[in-house]
Amino acid sequence: MFLERKELALRKVLSLRKPLLLSVIVTLCLLLWPSSIALANAEEINRSYRVVEEEETGEIFFVQDSPQIDKVQKQKVAVALGGGGARALVNVGILKALEEEGIPVDLVVGSSMGAIVAVLYGSGMPLATIEELVTSDILPSMFDLNFPFLYSVIDTRRVNYFIERVLPHQRLEEFPIQTALLSYDLTHGVKYVHTSGLISREIQGSYSIPLFFPVVDYDGLFLMDPGILELTPAQAAKVLGADVVIATTAFDELPYNTYAFPVRAVTRFINIFKDRNSKAIIDRYSDATINCNVGDYSFMDYHLAADFIALGYHEAQKLIPEIKRILAEKEIPLNQSPEHTPLAGKGEEEQLNLAQVLRDIKYERLQYDFTRIKPLLYFGRGHSFFKQELIREEATALQYGFLWQKGKLDLRGLTRGKGLDNYALKLKFIGLTRDLDLIGKLHYEETPKQDLWGYGVDLKYYQPNFTLTCGWAELDHTSYLHNAGTFDLNWGEHQLRSGLDLYTPAASQGLTFTETKYVAVQSLKISAYDNLTLQPRLVVSNTQSEALFAHPLIYRGIEPDTAEGENLVQSALEIAYHYRFPYSLELLQCIQLKELTWFSFIDLYYRLEPYYAVGAGLTCELNLLGIKPSSFGGYVVYDLAKTSWKGALSIDLSL
């Protein structure tokens, strides 16, 4: 009786007070967001630096104090890693070639994207690990859209924190290879050289492009990307005492030769100054320059990381004889052991496992030391805290909500449509143990037939290739034992994903296993040739479509009117051809069209009798600044059972 009264009270609150509930949620978001920004900006960062006048030109540099930079007595060989967005990943291949040939690297200096490669290498991370990291698409996925766009379009705190987490050392002055990062101080109009401090704080200024990425406030110094003035930091390497400078370039070339549009004109103007300034510095200060012709590619082409690495490796190999000649003239010996091995820093038990960190990113388990607040926006695919997540069904309603995350707590809320008759909340306690999370869920929805509501608690166990879940749920006056598991395996360009959810009713006499509801899904992606994929999918379930844990609908024909409660089998076989542009098409220098996919399919829907549908369609893959993927397109389908045609737009947007 007490439980029934409790349920009625909860339903009244949700149904009668939904405008109040929405107001509370919005108010909390608006209050918490500025507070998080204030906390981030108010963090006191005390740094001391010395003013250095460069000998040849008299140019002033601010150089952070660090005994690490001055301790090497021998002649110093520096590699100045240039920027260029995704194109600058050629630096990984260049470092690989230098290492294989025993070229000593006593100092690595980076600017823009070259700064990210510099900290990965200078920290002692093996090149094989760096290559695995930058080709995994993890780095671009860590950028968030900022909201509101007050300081920048992109929020970079997550990627900075992630880089710091995966490194063998977290502070620049502790790196086994001396490492410096170049920024530009807007306050004094001078170049600023980072040589000490936590990576998550120091790296931002080196790649901070105003409007896109936030300019960094260092206690009165406002730091940004120095690319227009010194894209390849060869002069900075000389300021730090380098005797030999090996410079790298990844200069941009625009894919057009008319500049009537304002964005094209501004971009061309910036590129002219960037190229002139950087080439003049390279000519004056570089002893050997490894030029990589990447003008046909976009700074957003992170998906081509493996190609950039191969290009950098090839170009560096061509210059190896010249570099060895320069070193011999200066009597600088080659490394006797070219293999780059991890150097001492943390104890073995404290070393971060890259696979574990990548697992935590995959399942959104990273624990941030800052408050992360962002709006959630989904269109085209349904998102639910109770439904199977491996295959999401098409959805025409806009879903929106919020995310609040700090340390071990992750709170998310969602609603959809404009009627405000649907609410879902999920609170995750991350890191109950290293592999275990505690998850609480709540859902309320008004429907023409009845109000759907439920809540539950799960314990979820994570491994890189699978998860296991055990919990309890109260869904529409019925108690369930919830068990679930997922399996995700990648080998090369092939992928297998499977998932199973079981909901067993808990009657007063015990669990009624014969009435267990289940949803089983499986998706397979097979790369047949370079641009051709085969994608079979399967859904088997005995749930009703109105249930909170209902099966996803993958049948693209006209859904049959069949009796609920019977076993349902859906399958789809899709053949797709992927065309990637030699040069990614760009719109307004920030939106990238990188791929077109033509596909044809045959779908099966079986409940008591089979239904078939065949169709074909086209999808465009878009990226915002190379980091936020989305797709849109459409398809036409012919339902063989109903002998009728159907057309649909296909949109998948997730922000």
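The values are calculated or read from the model by the stated rules, or taken from the named source; none is laboratory data. This is a predicted model, so every value here is computed, not measured. Here Cβ is always computed from backbone atoms with ideal geometry, including for glycine, and neighbour counts include all displayed protein chains. What goes into the accessible areas is simple: the full protein's heavy atoms, side chains included, and nothing from ligands, DNA or RNA. Shrake-Rupley method; radii C 1.70, N 1.55, O 1.52, S 1.80 Å.
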- Query: Can you give the extra length, in nm with one decimal, that the chain gains between Glu54 and Leu596 once fully stretched, where that is 0.36 nm per residue apart less the Cα-Cα distance?
  - Reply: 190.1 nm
- Query: What does the accessible area per residue of region 361-403 come to in Å², with a 1.4 Å probe and no ligands, DNA or RNA counted?
  - Reply: 42
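If packing is taken as the average number of other Cβ atoms within 10 Å across a peptide's residues, how do 325-335, 201-211, 405-415 rank, most packed first?
So the peptides 325-335, 201-211, 405-415, ranked by packing, come out 201-211, 405-415, 325-335.
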- Roughly to the nearest percent, how much of the accessible area of region 74-171 is carbon and sulfur, given a 1.4 Å probe? 54
- Message: Per-residue counts of other Cβ atoms within 10 Å, averaged by peptide: what ranking do you get for 308-321, 92-105, highest first?
- Response: 92-105, 308-321
- Would you work out if region 478-530 is rounded, prolate or oblate? Take a ≥ b ≥ c from the square roots of the eigenvalues of the alpha-carbon gyration tensor; rounded if a/c is under 1.5, else prolate when a/b is larger than b/c, oblate otherwise. prolate
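If you count the DSSP beta bridges with both ends in region 183-224, what percent of them are antiparallel, to the nearest 5?
100
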- Mind checking which aspartates and glutamates have their Cα closer than 13 Å to the Cα of Lys628? Skip sequence neighbours fewer than 8 apart in that chain. Asp137, Asp144, Asp155, Asp301, Asp652
- Which FRET efficiency value, to the nearest 0.05, do you get for Leu649 and Leu573 by plugging their Cβ-Cβ distance into 1/(1 + (r/R0)^6) with R0 = 22 Å? 0.50
- Given charges at Cβ of Lys, Arg, Asp, Glu: region 451-585 dipole, positive-most of Val540, Pro560, His477: Val540
- Check the straight Cα-Cα distances from Lys330 and name the lysines below 24 Å, setting aside those fewer than 8 residues away within the same chain. Lys71, Lys74, Lys76, Lys96, Lys238, Lys318
- Query: With all protein chains present, how much of the accessible area of region 199-310 (probe radius 1.4 Å) comes from carbon and sulfur, to the nearest whole percent?
  - Reply: 57
- For region 107-252, what is the accessible area per residue in Å², given a 1.4 Å probe and the full set of protein chains? 26
- Message: Using a Förster radius of 30 Å, what is the FRET efficiency between Glu609 and Tyr529 based on their Cβ-Cβ separation? Nearest 0.05, please.
- Response: 0.25
- Note on the structure: Output ordering of 214-225, 240-251, 492-503 (per-residue mean of other Cβ within 10 Å, highest first) is 240-251, 214-225, 492-503
- Item | Computed FRET value (nearest 0.05) for Glu559 with Leu432, which takes r as the C-beta separation and R₀ as 45 Å | 0.65
- Note on the structure: Between the modelled labels at Ala310 and Gln450 (7 Å from Cα along Cα→Cβ) the distance in nm is 5.8
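Between beta-carbons, use under 11 Å as the cut-off and find the net charge around Ser384, counting Lys and Arg +1, Asp and Glu -1.
+3
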- Message: Between Leu420 and Leu334, what is the label-point separation in nm under the 7 Å Cα-to-beta-carbon projection?
- Response: 7.2
- Task: Any lysines with Cα under 20 Å of the Lys460 Cα? List them, leaving off those in the same chain fewer than 8 positions away.
- Result: Lys362, Lys387, Lys406, Lys408, Lys426, Lys428, Lys441, Lys517
